[in-house]
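The values are calculated or read from the model by the stated rules, or taken from the named source; none is laboratory data. It should be emphasised that the depicted structure is a prediction, and the values quoted were computed from it without experimental measurement. Counting neighbours? That spans all protein chains shown, and the Cβs are built from the backbone with ideal geometry, glycine included. Areas reflect the complete protein model, heavy atoms only, side chains present, ligands, DNA and RNA absent. Shrake-Rupley method; radii C 1.70, N 1.55, O 1.52, S 1.80 Å.
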Amino acid sequence: MDIRTIDWKNGKIKIIDQTRLPRALVYLEIGNLKELWRAIRELKVRGAPALGAAAALGVYLGIKDYPGSSRKGLARCLKKTADYLKTSRPTARNLFGGIERIEQAAARAKDITVPEIKKELFKEALRIIEDDRAACRAIGRYGAALIKNKSRVLTICNAGILATIDYGTALGVIYAAKEKGREVKVFASETRPLLQGARLSTWELYRKGVDVTLIADNTAAKLMADGEIDMVIAGADRIALNGDTANKVGTANLAIAAAYHKVPFYIASPKTTFDLSIKDGSGIRIEMRPEDEVRGIFPGTAAAPRKVKVLNPAFDITPHRLIRGIITDYGIVRPPYRDNIAGVLGKG
Ligand code: MRU
């Protein structure tokens, strides 16, 4: 099965509408910025690396029909587009990184004409996509070395094909281990409130022929206590300089339970998710999402009184002390993270 989360087709951004999964595999072709902004906000396209690619293509989408021949005018249009897309979701570093790469490409393209600049920016967006494809495969190669035959791996949310271009980070490690002929059993935590684990991870793992079992989020510690889990691998939305990691809310619960039960806990993430300008997790902005997401069970069944108060942070911070290693596209980073992150990532 070859599925691809994001593409460029007929002058539009082609994405899988992830809110329709697992019931239907529906593609959307997005031809204007507002539509893209909404698709990001509503998690039609989601997952840190996929957001980076979508936002980069989005900047191109925003400038490609700029009518004038003035480079200054194009720069203004680009800034407006970039600033707008940056307001779509706050936590994933990749979303900002993807936009910044296009901005940097524009800054480099000083002495060429407007049509040539547009071409350069399009090429840069496509390079971001290819870089992610390569990064996920490198993460897979490094991570697969940790996976013994018959390993039982717990994961949360979706850090797979659907969160990237076509391979995945945490799930990429599973796919790479499987390609090496190892048997792996995956437990997917359902990931309330939007059920990315239940709807998305089980869907893609099942289609890839991986042995996957869905569990309710509150089952994880019991399975660890029963000796049913050999390791936990989660993705990341933003990683601070000291290794503190923002990922889907509930990830920190898993890390705490894993530490108690002595189950190794790993993060899998490309270099593009690290934010070395942030000292520790307290500096990472956590997205707050609509209350109704918690009041209902996806896609809208009532699960609570209509007016009950709700708190719905979309991410939490896993303290670096609970992370055994961060599987990156440049190798596995081990503690002490403050020294080793720069050491490993400095290679690229
Ligand atoms: O709210 P989401 O679905 O965008 O959250 C996604 C996650 O938390 C993923 O684990 C993370 O982006 C890593 S994706 C490789």
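Taking the residues in segment 256-266 that are over 10 Å from residue 221 (Cα atoms) and among the aliphatic types (A, V, I, L, M) as candidates, determine which candidate is surrounded by the most Cβ atoms within 10 Å (Cβ to Cβ). Top of the filtered list is 263. For segment 206-234, filtering for residues that are over 21 Å from residue 23 (Cβ atoms) and of a type in the set (Ser, Thr, Tyr) leaves 1. Restricting 139, 239 to those that are at pLDDT 95 or above, aliphatic (A, V, I, L, M), in a strand (DSSP E or B) and under 26 Å from residue 336 (Cβ atoms) reduces the list to 239. Of the residues examined, residue 133 is one that is within 30 Å of residue 230 (Cα to Cα) and open to solvent by 60 Å² or more (accessible area, probe 1.4 Å).
Looking only at residues in segment 212-236 that are among the hydrophobic types (A, V, I, L, M, F, W, C), in a loop (DSSP other than H, G, I, E, B) and touching a residue at least 60 places away in the same chain (Cβ under 8 Å), the one that is nearest to residue 256 (Cα to Cα) is 229. Listed by first and then second residue, the pairs with beta-carbon distance under 8 Å, at least 6 apart or on different chains, first residue in segment 89-118 and of a type in the set (A, V, I, L, M, F, W, C), second more than 16 Å from the ligand (Cβ to nearest atom) and assigned to a loop (DSSP other than H, G, I, E, B), are 114/66; 114/68; 114/69; 114/70; 117/109.
When you scan segment 212-248, how many residues do you find that are within 12 Å of the ligand (Cβ to nearest atom) and open to solvent by 40 Å² or more (accessible area, probe 1.4 Å)? Qualifying residue count, segment 212-248: 0.
Against the criterion of being open to solvent by 10 Å² or more (accessible area, probe 1.4 Å), within 23 Å of residue 2 (Cα to Cα) and outside any helix (DSSP H, G or I), residue 209 qualifies. Reported count of residues in segment 168-192, each being surrounded by fewer than 24 Cβ atoms within 10 Å (Cβ to Cβ) and near the ligand (Cβ under 10 Å from one of its atoms), is 1.
Residues are listed down the side, and each one gets a yes or a no for (1) over 30 Å from residue 338 (Cβ atoms); (2) touching an Asp or Glu at 6+ places or on another chain (Cβ under 6 Å):
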position	(1), (2)
210	yes, no
219	yes, no
223	yes, no
230	no, no
252	no, yes
257	no, no
260	no, no
289	yes, no
309	yes, no
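Of all the residues that make up segment 312-339, how many are modelled with pLDDT under 95 and more than 16 Å from the ligand (Cβ to nearest atom)? Final tally of qualifying residues: 2. Within segment 141-164, being more than 10 Å from the ligand (Cβ to nearest atom), within 28 Å of residue 57 (Cβ to Cβ) and crowded, with 24+ Cβ neighbours inside 10 Å holds for one residue alone: 143. Quick check on segment 32-46. Is at least one of its residues of a type in the set (Gly, Ala, Ser), within 16 Å of the ligand (Cβ to nearest atom) and open to solvent by less than 50 Å² (accessible area, probe 1.4 Å)? Yes, because at least one residue in segment 32-46 is of a type in the set (Gly, Ala, Ser), within 16 Å of the ligand (Cβ to nearest atom) and open to solvent by less than 50 Å² (accessible area, probe 1.4 Å). Within segment 1-21, take every residue that is aliphatic (A, V, I, L, M) and not in a strand (DSSP E or B) and give me the one that is farthest from residue 91 (Cα to Cα). Per the criteria, the residue is 1.
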